[in-house]
Amino acid sequence: MQAVSATRLRVLFVIFALLSTTLAGKMTYWQAIARPELLSLAIDQVRSDLVVAAQRGVIRDRNGAILATTVGLRSLYAIPAQIPKEDRAAVAEKLGVLLGRDPAAIRERLDSGAEWLYLHRRLPEDTAVAIAALHLPGLGFQTEPKRLYPNDTVGAHVLGFVNDEGNGQYGVEGAYDGILRGSPGRLVVERDPANRALPIGLRETQPPLNGADLSLTIDLGIQTACERELRAAMEKEKATGGSIVVLDPRDGAVLALCSAPSFDPSAVAIADLESLRDRAVSWAYEPGSTMKALTVAAAIDQKAVTPTTSYYDVGYAIIGGRRLNNALGKAYGPTTVTQVLERSANAGAVFVAGKLGAEQLYRYINAFGLGRATGVDLAAEATGQVRPLAEWYPVDLGTAAFGQGLSVTPLQLAAAYAAIANGGILYRPYVVASRRDADGEHRTAPVAVRRVISAETAAAMRVMLTSTVDNGIAKNASVPGFSIAGKTGTAQIPDATGSYESDEYVSSFAGFAPAEDPKIVTVIVLERPQSRLLGTLTAMAAFRGFAPDALRYERVQPDRRP
Amino acid sequence: MAAASIGLVFTLALLYLSQITSLSAGDYEVQRLQAERDELRRQNALLEVQLARLDSPARIETLATRLGLVRVASVPLLFPAPLQAKK
């Protein structure tokens, strides 16, 4: 009996020892080896590790008006399990009225079985307040950032937009995305069941670095006036595209830049892709007769001609074995170089170019900045096209003289005319006047690229272009009270085969005011106007429409008695 | 002596708990005020956007047109030279 008891005791002891060893082993494992994992699981239940989004910078015009800003808007979410089934129809009905949506669709989403879902993202504040006042069960709000453009479509192409991922695209939003977006921060805290941060516990904070605010050179008043006139011109001419650029010739600051067709930067998802293209910056065309001013400026600068040099105009010029006609085949007889601009005589431009020579013309075309990007601080700038001199045929000297066989962007042409207006200096156009970040304000210094023509040549050109408006083909661009200088252009449109489309044109006007001391330079372009060769009249009417507003906003005193 | 020690420890513990409780309550109040500040900032930003919308030249022009107002055809100009001559 004693032997049995001793055996039992031994067996029990062994079992107990095994169990104790197993328990001790397990304890050691959880306490020593798996401790970090357990600790991590425990902490994860109370710890929140959040990315704190940086505030995207505000974009303002030169007078401080907000053009783009980011605001937190409330998004409506639902936790369907917290909405009693018998109440869901009523909840969907009430929300449908306030959200302007079909209640059946809302009900369907509430019955979808999801634990948590968004019912509407980024609500207008009024709607969010109205929904909150209903105190409906199972609904809540979460604030999400939204880029807002208070002037709707005004300045859309200058500004660009921010896509759903928060990336800036096109315009200033695209070109300055890295500066505007800032860097996100991080907040790690332990939270109580009410989702409040525990006062005594883990707290790691890395504050976000907000994006810089940008002040543009754009004047909202001038921009609005330009868009109004471009819209009217587009409607009148049923044009397929158009653009207006307004520069300050004294430093290259872009005062207005508009392009049509346009888009709403707040609703890019429904925009036509073609409307996103900035025709002032990302589109090139043959400049036609607006080019004659640059040809004449080059020839006067080289002293190849003077404003009074004359030739006998027979209605055409022969160059490289090709006959180049005046518009409508008109013959003007004795014609001075000033009258070449006043009458926009193609034969006269060929005469001037012949005196200048291909090498010099090519050199000045490049010096005026054609054929290469201006370097404007906007996304997706086109370069235009100027073929290398080595590829020129003899006839190209003549055609280039009146703007055929090369292409420019409206912005390039405006910068070139600005050089004539300001006394001969080519400035790099720029849109951002300053940025303000944590270190203070950083102003953009204007960049004078090079002297293109002498001050004397520029002065002579200003007189000649003023005469073109006062006495010549650009008479319709005159503005009461101001001296205006400018030149019209009607260019054919090259097709894919290398010839020109039949009876389709690009009409334009390039000019500046006041002619004697220019404060604004502008280029207006209309693509395929319905009135064909008369499209320049509409372009000049657009100039006449916005120039008085622009000059008033610029505080320019009239220099002529009406 | 022992009773006094126990009393002191008890008092210190109470004081500590009271401090911790007060600190927690203060921190929750700070969090509440920070949330209130953020909401006020958000409301302020919304008001700034609304102000910019109301100030928009395009909107004002549209309203003016709707009211039947027309753009002035010509602005009379007074030049300073004749005025000076009269003095």
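Please treat every number below as a calculation from the coordinates, not as lab data. Values in this document were obtained by computation on a predicted structure and should not be read as measured data. All Cβ positions, glycine included, derive from the backbone under ideal geometry; neighbour counts span all protein chains shown.
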What does the highest-first list of A:554-560, A:360-366 look like by mean Cβ count within 10 Å? A:360-366, A:554-560
Derived scalar couplings ³J(HN,Hα) [region A:347-356; Karplus, 6.51 cos²θ - 1.76 cosθ + 1.60; whole Hz; x for Gly, Pro]: 4, x, 5, 5, 4, 5, 5, x, 5, 7
If I model a spin label at A:ASP102 and A:GLU115 as a point 7 Å from the Cα along the Cα→Cβ vector, what separation in nanometres do I get? 3.0 nm
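Run lengths n ≥ 4 of DSSP H only: what is the helix-derived mean residue ellipticity at 222 nm for chain A, with -39500 (n - 2.57) per run over all residues, to the nearest 500?
Using -39500 (n - 2.57) per qualifying helix, the result is -10500 deg cm²/dmol.
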To the nearest µm²/s, what D does Stokes-Einstein give for region A:39-109 at 25 °C and 0.890 mPa s, using the Kirkwood radius over alpha carbon pairs as Rh? 145 µm²/s
Chain B - mean residue ellipticity at 222 nm from DSSP helices (-39,500 (n - 2.57) per run, n ≥ 4, rounded to 500): -28500 deg cm²/dmol
How many partner chain Cβ atoms sit within 10 Å of a residue's Cβ in peptide B:49-61, on average, as a whole number? 6
Sorted by mean Cβ packing within 10 Å, highest first, what order do the peptides A:182-192, A:519-529 take? A:519-529, A:182-192
Please list, in order along region A:273-287, the HN-Hα scalar couplings obtained from phi with the Karplus expression 6.51 cos²θ - 1.76 cosθ + 1.60 (θ = phi - 60°), rounded to whole Hz, x for Gly and Pro. 4, 5, 6, 6, 6, 7, 6, 7, 10, 10, 9, 10, 9, 6, x
At what distance in angstrom do the alpha carbon centres of region B:1-63 and region A:330-395 lie from each other? 67 Å
How do A:PHE546, A:PHE141 line up, fewest other C-beta atoms within 10 Å first? A:PHE141, A:PHE546
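Please give the peptides B:41-50, A:475-484, B:3-12, A:88-97 ranked by average Cβ packing (other Cβ atoms within 10 Å per residue), highest first, as a rough proxy for protection.
Going from most to least packed, we get A:475-484, A:88-97, B:41-50, B:3-12.
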In whole Hz, what ³J(HN,Hα) sequence does region A:21-28 give by Karplus (6.51, -1.76, 1.60; θ = phi - 60°), x for Gly and Pro? 5, 4, 4, 5, x, 5, 4, 4
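For peptide A:139-149, compute the average count of partner chain beta-carbon atoms within 10 Å of each residue's beta-carbon.
Per residue, the number of nearby Cβ atoms from other chains is 1 on average.
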From fewest to most C-beta neighbours within 10 Å, the residues A:MET540, A:MET234 line up as A:MET234, A:MET540
Dipole size in debye (nearest 20) for the protein assembly as shown around its Cα centre, Lys and Arg Cβ +1, Asp and Glu Cβ -1? 720 debye
Taking beta carbons within 10 Å but only from partner chains, what does the mean come to for residues A:544-550? 1
Fewest-first ranking of A:LYS292, A:LYS26, using other Cβ atoms within 10 Å as the exposure measure: A:LYS26, A:LYS292
Straight distance only, please: which lysines reach the Cα of A:LYS94 with their own Cα at less than 18 Å, same-chain residues fewer than 8 apart left out? A:LYS85
Non-local amide H neighbours of A:VAL449 (under 5 Å, H modeled in plane, Pro and chain starts lacking H): which ones? A:LEU426, A:TYR427, A:ARG428
If you take the charge dipole of the protein assembly as shown about its Cα centre, with +1 on Lys and Arg Cβ and -1 on Asp and Glu Cβ, which of A:ALA280, B:LEU15, A:VAL254 is farthest toward its positive end? A:VAL254
